[in-house]
1. At 0.36 nm per residue, minus the direct Cα-Cα distance, what do L91 and A68 gain on full extension? Give it in nm, one decimal, please.
2. In Å², and per residue, what accessible area does the chain have when probed at 1.4 Å with the other protein chains present?
3. For the chain, what is the mean residue ellipticity at 222 nm derived from helices alone (per DSSP H run of n ≥ 4: -39500 (n - 2.57); sum divided by total residues; nearest 500 deg cm²/dmol)?
4. 7 Å from Cα along Cα→Cβ at both V128 and L105: what's the point-to-point distance in nm?
5. Rounded to whole Å and sorted largest first, list the principal axis extents of the Cα atoms in the chain.
6. Can you tell me which of 209-219, 59-69 comes out highest on packing, and rank the rest after it, using the mean Cβ neighbours within 10 Å?
7. Ignoring any ligand, DNA or RNA, what whole percent of the accessible area of the chain comes from carbon and sulfur when the probe is 1.4 angstrom?
Amino acid sequence: MRILVVEDEPKVAAFVRSGLEEHGYGVTVLQRGDEALTRLGGEVFDAVLLDVMLPGRDGLSVLRKLRARGNNVPVILLTARGDLEERVEGLNLGADDYLAKPFALSELLARLRAVVRRRTGVGSTLLVEADLTLNIATREVKRGGRIIALTPREFSLLECLLRASGRLVTRTEIIQQVWGYSFDPGTNVLDVAIQRLRRKIDDGFPAPLIQTERGVGYQLKGEM
């Protein structure tokens, strides 16, 4: 999942980025509210972690504008511990949840999964291709009823392919979604990751699901 973090405190932003990336999320960090509003007008994110106190445009103003546009992306407000009025106002404006600073990574992850699950509905947390299933909420992957253990990066790679619904996903698209826009697409890290993923989800099964178009990209495609 792609998460937008809007936080102007460098230590907090770095803590959140590293924690989310370790768990397989794609993370974009911005420091200004006006920049966040612009990015949200042209890009799709699965959730937003939005600090209330921001330069350019404060978090509540960003939230108000988002909802006025009809943008229902899940939003978790990051607030100072004692700011009850801000939390209440944020929830009234359409925030899905809030976290008071300082917070533990485990709580952030739990709340993030919960708001995405509430917004998308239980059914859409399950991605399916043939006999392969990936549960976004529980992060469980199965093929033919057998549980498959994946690293956070492998999980993100498989999710990227499954979300494409059988469409060919280019190498550049995958690199940007799984490794980030600053990653060099000329390296062979994607090929190595695909090989490892293939061994886990294709080896031992009658039909391979990961298909390759050499030099272009990959797709998940199979028949029951």
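1. Once the chain is fully extended between L91 and A68, it gains 6.8 nm.
2. 50 Å²
3. Helix-only estimate at 222 nm: -12000 deg cm²/dmol.
4. About 3.4 nm separates the two model spin labels.
5. 59, 36, 31
6. 59-69, 209-219
7. In the chain, the share of accessible area belonging to carbon and sulfur is 51 percent.
The values are calculated or read from the model by the stated rules, or taken from the named source; none is laboratory data. Small disclaimer: the values here were computed from a predicted structure and weren't measured. Positions of Cβ are backbone-derived with ideal geometry, glycine not excepted, and every protein chain shown enters the neighbour counts. SASA here: full protein model, heavy atoms, side chains in, ligands and nucleic acids out. Shrake-Rupley method; radii C 1.70, N 1.55, O 1.52, S 1.80 Å.
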